[in-house]
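Everything on this sheet refers to the single structure shown next.
Nothing in this text is a laboratory measurement; each read-out follows from the coordinates by a stated rule. Small disclaimer: the values here were computed from a predicted structure and weren't measured. For neighbour counting, all protein chains shown are included, and Cβ atoms are generated from backbone atoms with ideal geometry for every residue, glycine included.
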Number of protein chains: 2
Amino acid sequence: MRAVIPYKNENAKSRLSPVLSKEEREEFVELMLEDVIKALNDAGMTTVDILTTSTEGIPKEFKGDLIVTEPGLNDSINEYLQNASEPVLIIMADLPLVTGDHIRKITSVSEDVVIVPGKGGGTNILFIRHPNEFTVKYHDCSFTSHCEITEDLDKSMHIFDSFLASTDIDEPHDIVELMLHGKGKAKEYAEKRFGSETGKGRVKISPLSKLSSFI
Amino acid sequence: MRAVIPYKNENAKSRLSPVLSKEEREEFVELMLEDVIKALNDAGMTTVDILTTSTEGIPKEFKGDLIVTEPGLNDSINEYLQNASEPVLIIMADLPLVTGDHIRKITSVSEDVVIVPGKGGGTNILFIRHPNEFTVKYHDCSFTSHCEITEDLDKSMHIFDSFLASTDIDEPHDIVELMLHGKGKAKEYAEKRFGSETGKGRVKISPLSKLSSFI
């Protein structure tokens, strides 16, 4: 069993640009990646690859393989899967609420394919028992695509239901979930930069240094 | 064991007003309530009360007690809890993704208090074994409040981790989750009114009758 983390550092997470500068976002995604690697290691998963287009922003302590590919998320993951001879867990790098316990549970599911949906139709984690028979299709409501691909292959499927694992940090309001429910380095980083505004509706993040809110 | 659903129909869900009219929102919240009642019944929970300020918008088939109170969510729930002599499940009416299986699991937890967080610091479901010792505090990041109240009472606590149960339908982008992951009447309603727009980011809802998107 091995894990692969698709990763982009340079100018990453443009949807967070209203609240974090380019440099801050690059620092932040590296910390989220560290949290994800820690979760994998906590679950005893030691074979971890990072699939990236550049060697920038890789944590110094990272001990796995760094696979540098051409841009194109689907092509590079599909090539990776074709060459895999053991079960593969594909996990996104922006999941700082995932814990070792989630990873253990996901990899213990007996079905052929486990899908952890992301917010808004994404796919946060995919666990594939027979990876060289599978093809991924990220973007454009990938959750639905991956369900359909699994069904077309006549494979059994489990949708893993977890608020924490389904919370990808992509938009400013997601940072609230990290501050409320996180435990790792990315949460620490967010807490240094943001306060919160409460009221009758959902909590919103606010800048620590100004009185006015920015979202 | 009994369940109580705080409910407001008249001019409900104002944050959905960019995409649904007042009349549509009132119809929609009634359907969400029906889905929640179905989940409770599917779990074998037959003692279900609705706590409301008006008798408007109650499903015809509802067989439980309708408790009409003064406005003030916290006061009315706390009065309810004070008079309860058996475990109480407080469940919000805007959780159409909750299933009977969730309810069964939540009420099987052995801890004194089970909290299902909502998006943005809310509390979607609270299961309290000794309700007359407990006080709720909704609004202003109620998830944190309910964790603190439980700790102050020296009660044991379990945070229930479920994407589906944590998805309250409060803002337009939540409707995407309902359309993707729902199964009940509220999902059917949303599918009649909305299409979806896909791309590299999260899926967004769009009006079925117009070419332009509204969020």
For the protein assembly as shown, treating each Cα as an identical point scatterer without solvent, what Debye log10 I(q)/I(0) comes out at q = 0.07 1/Å? -0.35
If you average the alpha carbon positions of region A:1-58 and of region A:84-127, how far apart do those two centres end up, in angstrom? 15
Whole-Hz Karplus ³J(HN,Hα) for region A:108-116, in order, using 6.51 cos²θ - 1.76 cosθ + 1.60 and θ = phi - 60°, x for Gly and Pro? 8, 5, 7, 5, 5, 9, 10, 10, 9
Taking the simple approach of a point 7 Å from Cα along Cα-to-Cβ for both B:Glu56 and A:Thr69, what is their distance in nm? 5.5
Considering the convex hull of the alpha carbon atoms of region B:112-215, report its projected area averaged over all viewing directions, in nm², one decimal. 8.2
Rank these for me by crowding, A:Met1, B:Met32, A:Met157, going from fewest to most other beta carbons within 10 Å. A:Met1, A:Met157, B:Met32
Which whole-number percent is the relative contact order of region A:2-166 (Cα, under 8 Å, 6+ apart)? 23
Considering lysine pairs in region B:124-209 that are 8 or more places apart or on different chains, how many have Cα atoms under 25 Å apart? 8
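Just checking the output field for A:193-200: average partner chain Cβ neighbours within 10 Å of each residue's Cβ?
3
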Which ordering of A:Ser166, A:Ser142, A:Ser108 is given by a fewest-first count of other beta-carbon atoms within 10 Å? A:Ser108, A:Ser142, A:Ser166
With T = 25 °C, eta = 0.890 mPa s and Kirkwood Rh from C-alpha pairs, the Stokes-Einstein D of region B:132-177 in µm²/s is about 195
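Give the order of B:Asp168, A:Asp101, A:Asp152 when sorted by the count of other beta carbons within 10 angstrom, beginning with the fewest.
Placing the least packed residue first, the sequence is A:Asp152, A:Asp101, B:Asp168.
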Hz values of 3J(HN,Hα) by residue in region A:165-176 - Karplus curve (6.51, -1.76, 1.60), Gly and Pro given as x: 6, 8, 8, 8, 9, 10, 10, x, 5, 5, 5, 4
Counting every Cα pair in region B:104-149, what percent are over 13 Å apart? 52
What Kirkwood radius, in Å to one decimal, follows from the Cα pairs of region A:2-166? 16.0
Amide proton proximity set for B:Asp140, modelled H, under 5 Å, gap of 5+: A:Gly199, A:Lys200
Out of all Cα-Cα pairs in region A:1-47, roughly what percent, to the nearest whole number, are more than 17 Å apart? 40
A:Asn124 long-range amide H proximity, modeled H, under 5 Å: A:Val116, A:Gly118
Pick out which of B:Ile169, B:Ile91, B:Ile159 has the largest mean-square fluctuation in a Gaussian network model of chain B, springs linking Cα atoms closer than 10 Å. B:Ile159
Between B and A, which B residue has the Cβ nearest their rotation axis, distance in Å? B:Phe163, 2
Whole number please: convex hull volume per residue of the Cα set in region B:1-91, in Å³? 94
Averaged over peptide A:140-152, how many Cβ atoms belonging to another chain are found within 10 Å of each residue's Cβ? 2
Residue-ordered couplings for region B:96-106, obtained by feeding phi - 60° into the Karplus form 6.51 cos²θ - 1.76 cosθ + 1.60 and rounding to whole Hz (Gly and Pro as x), are x, 9, 6, 10, x, 5, 4, 4, 4, 5, 4
Once the label point is placed 7 Å from Cα along Cβ, list for A:Thr69 the distances to the corresponding points in the other copies, in nm, shortest first. 5.4
Calculate the mean, over all residues of peptide A:38-51, of how many other protein chain Cβ atoms lie within 10 angstrom of the residue's Cβ. 0
